[in-house]
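Peer 1: Pasting in a structure now, in structure tokens, and then I'll have a few things to ask.
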Amino acid sequence: MNKEYKYIIIGGGMAGANAAIEIQKNAPEGSLLIVTEEADKPYHRPPLTKELWTDPNYNEATIYYDFPNEEAIDFLTETTVTEINPKEKVIKTDQNATYQYDKLLYAIGGTPNWIEGPKSDRVLAIRHFDDYRKLRQYAPKGSNAIVVGGGWVGAELAAALQMNQVETTLVFPDEILNEKRLPLELAEKFEQSFIDADVSLINDAKADHYEATGDKVTLHLEDGQELTADVLILGIGIKPKLELAEAAGLEVGNGVIANEYLQSSDKDIYVAGDVLNYIDLIMGRKKFEHEEQAEKSGQTAGRNMTGAKEVYDHAAPLSYTDVLDISIEGVGDMSRNRDDALIEATDNGYIVYYLSNGKPSGILTYNTKVDLDQARQILANPPETTEELRGSLKPL
Ligand SMILES: Cc1cc2nc3c(=O)[nH]c(=O)nc-3n(C[C@H](O)[C@H](O)[C@H](O)COP(=O)(O)OP(=O)(O)OC[C@H]3O[C@@H](n4cnc5c(N)ncnc54)[C@H](O)[C@@H]3O)c2cc1C
């Protein structure tokens, strides 16, 4: 046995960082270990596709988390946890070391989805700081890039690269960029901003496989088209990392199943972030892969690990994107019934109420700020009729 800790956090991501901060605030005397596969200590991930490309006030040093007492935390970087033994309360790493815990947090996020092709530094998914550094190296000014995936991460990155004088092509499966999340008229506006920013768009297209030869990458699309560039970025989603939890005998479904206190089926193992399947007090059982969820669930899990008995009540977490001249925020379910929506124009943008059986199931704002807690209240206690929804949120 290498060492015993009161608290061990597996995963040095956003959920893990937030849990560590709360543990240090509430139990400063408790020994704490964070194990992470990355070379970097925890940092904020969203700037990897946003501010680090667009805001001169950001640099590589500004995105790291501050901890109440960083010196008191033991970090094991570039280390993979390979086994959890809940019976012995021990974890094992790929360095063949074992560590004993009293309370454990499972916060290991997801693995990027991939397409077939050889391993190459010129083919990336922007998940980690190291991926960002590689992208900077292989996509200097004047080079060209292909981004696959029309979700927010892919779209943000395509815009960021183009703004940094990298000629960029964005390949996505929909007719109109972001049409799965936005009502048609807003998706058209969203897409137009990318056209105006000179991002080349290839719609209705699916990536099949790639080849990497010399200092070029060739992407083959399912329809036979070929595209060649200096770098290829895959923004096609992630698969939550559940195998460790499953092997440890924890209950796993769409994520690691947790109770209202964010405890897994083993009461000394807590869950947070992208891997968490939790009870959302508005939406029901959910898994949610976004920043605010990682932060809030990490905080609650951290406090509960130190002995609090807090119900995780941050319902309908925020998802957002800031890209080009567009700022979108949403709470609740925005994946369904996008054509069944009440859309209200504001001075600068829109408020969209997505409807399910006539009731709002999600609320999204486009270039408009509203009180998101009030939006959550509307989702929790929806009015009887759609007409009553009109004007219920006022732009701030
Ligand atoms: C580039 C980018 C931009 C984003 N932008 C936004 C945004 O604008 N808005 C938004 O709401 N969300 C955004 N997200 C999503 C948000 O960042 C994630 O939801 C959040 O990071 C999830 O936190 P997490 O701690 O669960 O996982 P992660 O932050 O992914 O951290 C998981 C950690 O676990 C480590 N790990 C994995 N397996 C092991 C193992 N076996 N042993 C040890 N360590 C392990 C990994 O190395 C990593 O450090 C973005 C994500 C990315 C990648």
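Peer 1: Given the pairs LYS119/LYS216; LYS241/LYS309; LYS25/LYS309; LYS134/LYS216, which are separated by over 18 angstrom at their Cα positions?
Peer 2: LYS241/LYS309, as the Cα separations exceed 18 Å there.
Peer 1: Please give, to one decimal in nm, the separation of the simple spin-label points placed at SER327 and ARG133, each 7 Å out from Cα toward the Cβ.
Peer 2: Result for the modelled spin labels: 3.2 nm.
Peer 1: While we're on this one: Considering only protein heavy atoms and a probe of 1.4 Å, how much of the accessible area of the chain is carbon and sulfur, as a whole percent?
Peer 2: Accessible surface attributable to carbon and sulfur in the chain totals 43 percent.
Peer 1: For the stretch 114-234, report the accessible area per residue in Å² (1.4 Å probe, heavy atoms, rounded to an integer).
Peer 2: 45
Peer 1: For the stretch 327-389, what does the accessible surface come to per residue with a 1.4 Å probe? Please give it in Å².
Peer 2: Value for the stretch 327-389: 45 Å² per residue.
Peer 1: Cβ under 14 Å from PRO47's Cβ, PRO47 left aside: what net charge do those residues give with Lys, Arg +1 and Asp, Glu -1?
Peer 2: Spelling it out: positives minus negatives among the neighbours equals -3.
Peer 1: Once the whole set of protein chains is in place, how much accessible area is left on MET14, using a 1.4 Å probe, in Å² to the nearest 10?
Peer 2: Spelled out: MET14, probe radius 1.4 Å, area about 20 Å².
Peer 1: Give, rounded to the nearest 20 debye, the magnitude of the charge dipole that the chain has about its Cα centre when Lys and Arg contribute +1 at Cβ and Asp and Glu contribute -1 at Cβ.
Peer 2: Here the size comes out at about 920 debye.
Peer 1: Let me ask another. Counting alpha carbon pairs within less than 8 Å and at least 6 residues apart, what relative contact order, in whole percent, applies to the stretch 275-396?
Peer 2: 18
Peer 1: Between rounded, prolate and oblate, where does the chain land on the alpha carbon gyration tensor, with a ≥ b ≥ c its root eigenvalues, rounded for a/c under 1.5, else prolate if a/b exceeds b/c?
Peer 2: Oblate, because a/c is 1.5 or more while a/b does not exceed b/c.
Peer 1: Given axes a ≥ b ≥ c from the Cα gyration tensor, I'd like to know whether the stretch 20-126 is rounded (a/c under 1.5), prolate (a/b larger than b/c) or oblate.
Peer 2: It comes out oblate by the Cα gyration axes.
Peer 1: What distance in nm separates the two pseudo spin-label positions at GLU116 and ASP313, each 7 Å out from Cα along the beta-carbon direction?
Peer 2: 5.2
Peer 1: Using alpha carbons only, how many angstrom separate the centre of the stretch 288-359 from the centre of the stretch 202-248?
Peer 2: About 28 Å separates the Cα centre of the stretch 288-359 from the one of the stretch 202-248.
Peer 1: On to the next question. Tabulate in residue order the Karplus-calculated ³J(HN,Hα) for the stretch 114-126, using 6.51 cos²θ - 1.76 cosθ + 1.60 with θ = phi - 60°, rounded to whole Hz; enter x for Gly and Pro.
Peer 2: 9, 10, 6, x, x, 5, 8, 5, 8, 10, 9, 10, 7
Peer 1: Moving on to the next point. With runs of 4+ DSSP H residues as the only contributors, calculate the mean residue ellipticity of the chain at 222 nm using -39,500 (n - 2.57) per run, divided by the residue total and rounded to the nearest 500.
Peer 2: Taken over the chain, the calculation gives -6000 deg cm²/dmol.
Peer 1: A further question on this structure: Taking 0.36 nm per intervening residue step and subtracting the Cα-Cα distance, what contour gain separates ASP371 from GLN100 on full extension?
Peer 2: 93.2 nm
Peer 1: So, one more: Compute the distance in nm between two label points, each set 7 Å from the Cα along the Cα-to-Cβ direction, one at ASP208 and one at ALA72.
Peer 2: 5.8
The values are calculated or read from the model by the stated rules, or taken from the named source; none is laboratory data. Not measured: the values here are computed from a predicted model. When we count neighbours, we look across all protein chains shown, and the Cβ atoms used for this are built from the backbone with ideal geometry, even at glycine. To get the accessible areas, we keep the full protein, side chains included, count just its heavy atoms, and leave off ligands, DNA and RNA. Shrake-Rupley method; radii C 1.70, N 1.55, O 1.52, S 1.80 Å.
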